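The values are calculated or read from the model by the stated rules, or taken from the named source; none is laboratory data. Note that this is a predicted model, so its numbers are computed, not measured. Don't worry about glycine lacking a Cβ; one is built from the backbone with ideal geometry, like all the others, and counts go over all protein chains shown.
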Amino acid sequence: MNPRQAIATGLAVLGMAVSLHAQATSQTQKIKGEAKVEAVKMTGEVVQVSGDWLLTKMQPLGNYSLFHVQPGREFMIDGQVKHIADLKPGTVLTGTITKKETPVTVRTTSTLNGTVWWAQGNYVVLTLDSGENKEYKVPESFKFMVEGKPATVHELKPGMKVSATKIVEEPQTEISTETVITGKAPK
């Protein structure tokens, strides 16, 4: 590599680093709300077991339900750990399914710095530190910071150095379930 190529490569790497640094900085956080917990109990008597399949007669209605049991699933029968192959007809099983729903708000805060290139109405074009021009449509209530003071989009003039913070909140729900199966073997 000759000196001219080395300088060109160095400038290209430096330009990429400045470009990456000039983008908006952002921070994301998860804010959890109060969890809602719901427990459901089901009771049934083992009718038949075949491989990973379990047929039970549900109580109190007397209807039949077929369950596909995941490999490794443990049942606590009379205080002892059992697997599906250990279950015998007549064993009464009680399954407690606990479902927990937690509301979560994912809040992303982004800060952007630039120079006003053009502004009119609710539109503004900013020249970012990277030299790239980006256009934005902003709501009436949005405030930019100009020399440490808040300013609306209507107060912006070309050449002003501005800073803007955008907060986006996205509601989500985290759901987890836990199933515990206990039982009593026939005598």
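Structural remarks
- Selection status of Gln23, modelled with pLDDT under 95 and farther than 30 Å from Gly148 by Cα: no
- Checked against the criterion of being touching a Phe, Trp or Tyr at 6+ places or on another chain (Cβ under 8 Å) and either in contact (Cβ under 8 Å) with a residue 60 or more places away in the chain or in the same structural domain as His83 (by TED's automatic domain parsing) (or both), the candidates Ile181, Ile167 yield just one match: Ile181.
- Unmet criterion (only one of (1) touching a residue at least 40 places away in the same chain (Cβ under 8 Å); (2) surrounded by 11 or more Cβ atoms within 10 Å (Cβ to Cβ)) for Phe142: (1)
- Residue count for the stretch 27-66, restricted to those that are polar (S, T, N, Q), in a strand (DSSP E or B) and either loosely packed, with under 12 Cβ neighbours inside 10 Å or not assigned by TED's automatic domain parsing to the domain that holds Glu178 (or both): 4.
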